[in-house]
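Report on one structure; see the data block that follows.
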Amino acid sequence: MLSSGDPAAAEAFYCDVFGWTSTRTEDGATVFLLRDQVVAGLADSGGNRTAWLTYIATEDADATAALVAEHGGTVLQPSADILPRGRAALLADPAGGVFGVWQRVRFAGAQVANEPGAICWSETVTWDVAATAAFYGKIFGWIEQDGTADVDAHYHEWIASNRVVGGISPMGEQYPPGTPQHWRTIFSIEDCAAFIARTRELGGQVLAGPVDAGIGHAAHVIDPTGGAFLVIELLPELRHLLG
């Protein structure tokens, strides 16, 4: 979900750059659609900074929030009903990485993923892989393993129910000292160069890219309201990984 300081500008940007449409739910929330299926959400940050926020599904938002606090994390916003869709809490891991949890009532979340124009990956960017793996393992029962793409020997993946559900990206010398731990959202696209050009035309910024990420061409961009995210044009022979 994108929490934006300027929801109207963000809505216009993402609908153009990804070809999304938008609609309002019965409780007034804004959702983005790809082929009439929910692909992401949009909320007003209330004057706070714009950021993409990773939500993790849970069967009990209250219990998950309590577990986070028990293991050294922080409950930023206690569990609350967002009826009739579900129940949510805003949390942070012990190193400050912010994430949300979502307990479904009527709304399960994104209906489309892992294809061009949709989110294909979420990852924790951290200085301490071992501590990060230990914390999220306790909270969600995830298992950490070495990356399977054979590109970066230092990359790690999250496993849940025998499938890969995300990644752990270690911070190195390319990050300024003091960069906080954070979650990162990555979208699949068909043409990285074209996406970069359109982002600039629409008032966004390109921090890096296109760069060779080993598995394809990637870029790190910022939307006109300040929201940072990554995009990747996977190598043709690796597109099955999105399945």
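Details
- With 0.36 nm allotted per residue and the present C-alpha distance subtracted, the E70-A131 stretch has 20.5 nm of extension available.
- The mean sequence distance of close C-alpha pairs (under 8 Å, at least 6 residues apart), as a share of the length of the chain, puts its relative contact order at 17 percent.
- For the chain, the Cβ-based charge dipole about the Cα centre amounts to some 440 debye (Lys, Arg positive; Asp, Glu negative; other atoms uncharged).
- For H156, the amide hydrogen comes within under 5 Å of the amide hydrogens of G147, I168, counting only partners 5 or more places away or on other chains and with H modelled in the peptide plane.
- Summed over qualifying helices (DSSP H, 4 residues or more, each -39500 (n - 2.57)) and divided by its residue number, the chain shows a 222 nm mean residue ellipticity of -5500 deg cm²/dmol.
- Sparse-neighbourhood loop sites, trypsin sites (Lys or Arg not before Pro) in the range 98-149 - DSSP loop, at most 11 other Cβ within 10 angstrom: R106
- Counting DSSP beta bridges with both ends in the chain, the antiparallel % (nearest 5): 80
- Our estimate of slack between E26 and A193, defined as 0.36 nm per intervening residue step minus the Cα-Cα distance, is 56.3 nm.
- Relative contact order of the range 119-242: 23 percent, from C-alpha pairs under 8 Å at least 6 residues apart in sequence.
- Counted by Cβ distance under 13 Å from A69, the other residues give a net charge of -2, where Lys and Arg count +1 and Asp and Glu count -1.
- Relative contact order %, the range 2-104, counting alpha carbon pairs below 8 Å whose residues are six or more apart: 23
- Loop GluC sites (Glu not before Pro), the range 72-163 (other Cβ atoms within 10 Å of the site Cβ: 16 or fewer; DSSP): none
- Over all other residues within a Cβ to Cβ distance under 15 Å of T132, the charged ones net out to -4, with Lys and Arg as +1 and Asp and Glu as -1.
- Summed side-chain charge close to T225 - residues other than T225 whose Cβ falls under 12 Å, Lys, Arg +1, Asp, Glu -1: -3
Laboratory data are not the source of any read-out in this text; all were calculated from the coordinates shown. The model shown is predicted, which means the values in this text are computed figures rather than measured ones. Cβ atoms come from the backbone with ideal geometry, glycine included; neighbour counts cover every protein chain shown.
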